[in-house]
Amino acid sequence: MGFRSIVINSRCKLDYSLNYLVVHKGMDVKKILLDEIKLICINSTQVSITTALISECLNKKIKIILSDEKHNPVGEITPYYNNFYTYRKLKEQLSFTEECKGYLWQEIVKNKILNQSLVLKNAGKEKESLILETYVNEVMIDDKQNREGIAAKVYFKALFGSDFSRDNSCKENIFLDYGYSILLSSINRIVKMYGYYTELGIHHIGESNSFNLSCDFMEPLRSLVDLYVLNGIVNLDNYKEEYIKMLELPVIFNNRTLFLDNALEEYVESLLFYLKNGDIDKIKFIKYEL
């Protein structure tokens, strides 16, 4: 699997030749070996791309993310035939038990709130951090009492002020939405790579949401995106590039240091293995700090 994330920010032509991505920009030509690439983010509507390159990227399971005129991700290109056992995987996914799904969602929410508590503690919000710590121990199977939603209200107002809302039109939400979308796209790619359906979530059940399962799995990682805003790492000039680079951040997974994008693959695999086999010991979460 590749390890490089390629971001295309300006007018050019993307072509394929002899297992290389070829970037034509005026008289300048650059080549990048496709086997080294895991993701191509096209961050401009002034880019042309050949079907030969798209086809080869699909064969190699290289994700292509497309952006609109405002440079926001609007979609991605994924293969139809990414797994030879599609029907078998669908049956497996439909057979995930309610007990397993409820327990996994409980663990996901507990880990998410714990990470939020650590963010608040590092930000000097001791009182709110302690409140969230108490919520962690109150999360029930399937989070029936919605401790996730209650914690979120405390968390965001402590971070960004009492007037802050995730519905506000402000730069903080622009940063957060973009960072979350990068995480979601990465998890989508991995779920598809293993042959499962992103539409079938364990908790998220939005009928118009094509990525319910990925939304479930990404929840504990949202506070990493938040840290980029809180620590002033992102601004209006650099947030797109910084969140792409976030995928190369060293993190801890299963007592090993990995790049985030590689850790995401093992993380998703561990959760899918648990849902299939019910082995609680397989559930592992990513640890991170900035």
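The values are calculated or read from the model by the stated rules, or taken from the named source; none is laboratory data. Since we're looking at a predicted model, the values are computed, not measured. Note: areas computed on protein heavy atoms with side chains; ligands, DNA, RNA excluded. Shrake-Rupley method; radii C 1.70, N 1.55, O 1.52, S 1.80 Å.
For the listed residue pairs Lys157/Lys287; Lys121/Lys153; Lys91/Lys153, the alpha carbons are over 28 angstrom apart in Lys91/Lys153. Split the accessible area of the chain by element, probe 1.4 Å, and carbon with sulfur accounts for 51%. Taking Cα atoms only, the orientation of helix 98-122 departs from the longest principal axis of the chain by about 90 degrees.
Contact order normalised by length for the chain, with contacts defined as Cα pairs under 8 Å and 6 or more residues apart; what percent is it? This gives 14 percent for the chain.
What is the chain by shape, rounded, prolate or oblate, if you read a ≥ b ≥ c off the alpha carbon gyration tensor as root eigenvalues and call it rounded for a/c under 1.5, prolate for a/b larger than b/c, and oblate otherwise? Taking the square roots of the gyration eigenvalues as a ≥ b ≥ c, the chain is oblate. Shape analysis of region 71-154 places it in the oblate category; the axes a ≥ b ≥ c from the Cα gyration tensor give an a/c of at least 1.5, with a/b not above b/c. In the chain, the calculated helix contribution to ellipticity at 222 nm averages -14500 deg cm²/dmol per residue, counting -39,500 (n - 2.57) for every DSSP H run with n ≥ 4.
The alpha carbon centroids of region 120-149 and region 185-220 are separated by 24 Å. For Lys30, the lysines whose Cα falls under 24 Å of its own Cα, not counting residues fewer than eight places away in the same chain, are Lys13, Lys38, Lys60, Lys61, Lys63, Lys240, Lys245. Using only the Cα atoms of region 116-272, build the gyration tensor, take square roots of its eigenvalues as a ≥ b ≥ c, and label the shape rounded, prolate or oblate: rounded if a/c is under 1.5, else prolate if a/b is larger than b/c, else oblate. Rounded, because the longest to shortest axis ratio a/c is under 1.5. Annotation: per residue accessible area for the chain equals 51 Å², rounded to a whole number [probe 1.4 Å, protein chains only].
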